Amino acid sequence: MKAIAERFERFLRTRSLRLTKQRAEILRVIYGTHKHVTADQLFDMLQKSDHARDLKISRATVYRTLALLTEGGFVTALDLGRDTGTLYEHTLGHKHHDHMICLECGRIIEFTDDRLESVQDEAIARHGFVATSHRLNVFGTCERCVKKADGAAKDGGAGAAG
């Protein structure tokens, strides 16, 4: 964590900013969870943190710091395109992965597939493109929600016949 904080501090200096205690605590808390969180969820986590309680971290500070963390590549923003809002996850120390996002329940399934990575690498090379990062988000319906909908359809059909 110390190396990540030092890297964030160097990034902030390039923007003529400094690593305040509030920014450091936001970094610590987001890197302390392995969940995808909204800015508001992160704010709530900070309010419950013994370290953050004395720092009086505002919601605006959380939003501004998340923007800086995203810009610097310390977190990834995952826009679900719905009322849920943007979710954030820390990136450093994480193996690259992609997401399947259920539009019914909001469940996020992380996955990796070497075949997909290989096809992407081939396409990148074929076009002479120099990639710095990529992400794949697949939107749809998870297995649980499909089964739930199938069960409801069967129950509904049986009830209509009676």
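The values are calculated or read from the model by the stated rules, or taken from the named source; none is laboratory data. Note that this is a predicted model, so its numbers are computed, not measured. Cβ atoms come from the backbone with ideal geometry, glycine included; neighbour counts cover every protein chain shown.
When the range 1-12 is limited to residues that are among the hydrophobic types (A, V, I, L, M, F, W, C) and assigned to a helix (DSSP H, G or I), the one that is surrounded by the most Cβ atoms within 10 Å (Cβ to Cβ) turns out to be Phe8. The residues listed here are Leu78, Leu68; of these, the one that is of a type outside the set (Phe, Trp, Tyr), modelled with pLDDT of 90 or more and assigned by TED's automatic domain parsing to the domain that holds Glu89 is Leu68. Restricting attention to the range 11-42, the residues that are under 16 Å from Glu89 (Cβ atoms) and among the hydrophobic types (A, V, I, L, M, F, W, C) add up to 7.
Scanning the range 26-65 for residues that are modelled with pLDDT of 90 or more and basic (Lys, Arg) turns up Arg28, Arg59, Arg64. Of all residues in the range 13-50, those satisfying the criterion of being part of a helix (DSSP H, G or I) and over 21 Å from the mean Cα position of the chain (by Cα) are Arg13, Thr14, Lys21, Asp50. Is the range 85-108 home to any residue that is within 30 Å of Leu17 (Cα to Cα), among the aliphatic types (A, V, I, L, M), in the same structural domain as Ile30 (by TED's automatic domain parsing) and modelled with pLDDT of 85 or more? Checking the range 85-108: at least one residue is within 30 Å of Leu17 (Cα to Cα), among the aliphatic types (A, V, I, L, M), in the same structural domain as Ile30 (by TED's automatic domain parsing) and modelled with pLDDT of 85 or more. For beta carbons closer than 8 Å, sequence separation of 6+ or different chains, a first residue in the range 3-23 that is assigned by TED's automatic domain parsing to the domain that holds Thr61 and a second that is of a type in the set (Ser, Thr, Tyr), the qualifying pairs are Ile4/Tyr31; Gln22/Thr61; Gln22/Thr65; Arg23/Thr61; Arg23/Thr65.
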